[in-house]
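Everything below concerns the one structure shown next.
The values are calculated or read from the model by the stated rules, or taken from the named source; none is laboratory data. Being a predicted model, the structure only gives us computed values, none of them experimental. We place every Cβ from the backbone using ideal geometry, glycine too, and count neighbours over all the protein chains shown. Calculation scope for accessible area: heavy atoms of the full protein, side chains included, ligands and nucleic acids excluded. Shrake-Rupley method; radii C 1.70, N 1.55, O 1.52, S 1.80 Å.
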Amino acid sequence: MSEALPAALGVLGRRLDPMSHAPVAVAFSGGGDSLALLLAARAFAERCGRPLVALHVDHRLQPASAAWADGAERAAERLGARFERLSWIGDKPEAGVPAAAREARHRLVADAARALGAPVVLVGHTLDDQLENVLMRGSGVRMGVLGEWSPSPVWPQGRGLFLCRPLLNLRRADLRRWLADEGLTWLDDPANEDLRHPRARARRALAEGCEPPTPDAGRPQDWAGLWRAEAWGGVVIDRQRLTRADAGQALRLLQATAVCVSGAERLSRPGRAEGLLARLAAGRAFVASLGGARIEAGPDHVALEREAGEAARGGLAPLTLRAGAPTVWDGRFEMVAQQPGLGVEALRGQGARLEPCDRAALSGVPAAARPSLPLWRNLDDDGASPRLALAIPRAHLEYNGVRCRALGGERLAAAAGVVTREAEIGTNARMANAGLPSYVGTGSKD
């Protein structure tokens with residue numbers, strides 16, 4: 001037996017829940033790496049009695065892509081996996097195609113996993129991918145360090161979804177030998193040989209013997225006790241502990257907190273965050289902004305909430321809710337309306353029109369954070385008073401006919417490494433949005 005199988009099963013045993021009935025979802029291109037991953041995933045799924053699903057994205061970038069998808073389907077079916085074909089439809093960019101394809105792929109896979117009820121997607125990155133990233137960074141390409149376990153990189157489609165990379169410490173050549181021993185063949189994407197792309201050049205250099213040092217994944221995030229999530233969507237950071245923390249960890253926490261409270265899709269550039277950290281270290285009180293987040297620095301704490309101005313990342317656009325369907329508003333709140341004809345919009349300027357119980361609920365929210373809170377109204381009755389969508393402080397409960405939960409604390413917890421395996425995903429998400437002190441600001445380590 002190849003050593004690859006027990007190594008992959010070891011990772012799957014640590015990260016996945018053997019008692020779950022959710023499908024074991026595999027991002028499956030049909031190439032050698034993903035075929036080896038599907039083979040390992042089949043062994044795990046059979047052992048635990050879980051269904052196996054292969055998620056294939058047809059990027060429609062090559063004339064033969066449909067034929068490749070057909071080949072991938074046949075390979076998946078031979079291994080007993082259900083095959084889901086996903087297509088990147090629409091115009092393609094003229095430049096930056098690999099990055100755009102990668103983002104489209106993650107969004108399609110996230111939507112498919114949510115529809116299947118799969119909270120984890122297995123991805124076939126190998127040690128070779130890590131080494132290629134090192135070479136690409138050396139040539140000036142911005143590439144991160146892959147982790148065995150990480151939250152989905154797309155938002156909001158990837159909320160509550162995690163990626164697991166069971167092959168990350170294995171070499172591509174060893175996986176190919178394993179597949180050959182099993183009598184399996186795989187697809188080879190000609191784009192891997194197109195030297196116009198940095199990845200292909202790095203792969204060629206690695207094949208020719210340019211072996212960089214094995215990348216260091218760095219220390220795990222150490223944010224325990226540094227932050228507290230508020231049920232209405234804000235986050236408070238301990239200023240003293242933040243300024244005494246490792247510079248890299250402090251920078252990452254400030255960037256991650258800003259993107260989580262603002263609902264934005266991507267981290268802000270590090271330059272402005274570094275400047276804010278310097279101001280925090282100087283000890284003065286100030287108010288600033290970072291990536292759509294308002295930052296209020298006091299003597300002991302730093303409070304972050306979404307900027308409420310019109311120019312702040314889209315202007316808090318109104319949205320119609322579909323009855324019974326989860327809808328994410330402003331990247332910060334997931335809502336489910338129990339009846340049709342309801343819309344959600346920002347509170348700003350309408351506080352005086354709220355019912356007395358809603359005005360009372362606002363008393364625990366800082367004044368600067370109130371205008372960007374969600375409220376709903378009956379779209380068929382212009383005379384009806386708007387109602388707060390949030391049931392403060394328990395934002396995950398049903399209130400006024402709308403179930404609403406703030407996503408910022410859950411999202412920051414995922415970035416902080418609080419959730420380390422499949423069995424923790426739902427439990428920790430619920431705890432985050434209930435504002436339970438046993439959850440907020442803590443993190444388990446591998």
**Q.** Selection within segment 332-390 - part of a helix (DSSP H, G or I), surrounded by fewer than 20 Cβ atoms within 10 Å (Cβ to Cβ) and modelled with pLDDT of 90 or more
**A.** Ala367, Ala368, Arg370, Pro371
Q. Pairs under 9 Å by beta carbon, first residue closer than 20 Å to Ser65 by Cβ in segment 191-212, partner assigned to a loop (DSSP other than H, G, I, E, B), six or more apart or different chains?
A. Ala191/Leu61; Ala191/Gln62; Ala191/His197; Arg199/Val141; Ala200/Asp194
Q. Taking segment 81-117 as the region of interest, how many residues are among the aliphatic types (A, V, I, L, M), open to solvent by 30 Å² or more (accessible area, probe 1.4 Å) and touching a strand residue (DSSP E or B) at 6+ places or on another chain (Cβ under 8 Å)?
A. 2
Q: List the number of the failed condition for Val287; all other conditions in (1) farther than 28 Å from Gln157 by Cβ; (2) among the hydrophobic types (A, V, I, L, M, F, W, C); (3) assigned to a helix (DSSP H, G or I) hold.
A: (3)
Q.
Looking only at residues that are among the basic types (Lys, Arg) and outside any loop (DSSP other than H, G, I, E, B) in segment 153-197, which one is farthest from the chain's Cα centre (by Cα)?
A. Arg177
Q. Picking from Arg252, Arg284, which residue would you name as being surrounded by fewer than 16 Cβ atoms within 10 Å (Cβ to Cβ) and among the basic types (Lys, Arg)?
A. Arg284
Q: Could you tell me whether any residue of segment 66-80 is without any contact (Cβ under 8 Å) to a residue 12 or more places away in the chain, among the aliphatic types (A, V, I, L, M), open to solvent by 30 Å² or more (accessible area, probe 1.4 Å) and farther than 16 Å from Ala113 by Cβ?
A: yes
(Q) Take the conditions within 23 Å of the chain's Cα centre (by Cα), touching a residue at least 24 places away in the same chain (Cβ under 8 Å) and open to solvent by less than 30 Å² (accessible area, probe 1.4 Å) and apply them to Gly233. Does it pass? (A) yes
Q: Mind listing just one residue for me: the one in segment 256-281 that is part of a helix (DSSP H, G or I), out of contact with any strand residue (DSSP E or B) (no Cβ under 7 Å at 6 or more places or on another chain) and open to solvent by 20 Å² or more (accessible area, probe 1.4 Å) and, of those, nearest to Ala229 (Cα to Cα)?
A: Leu277
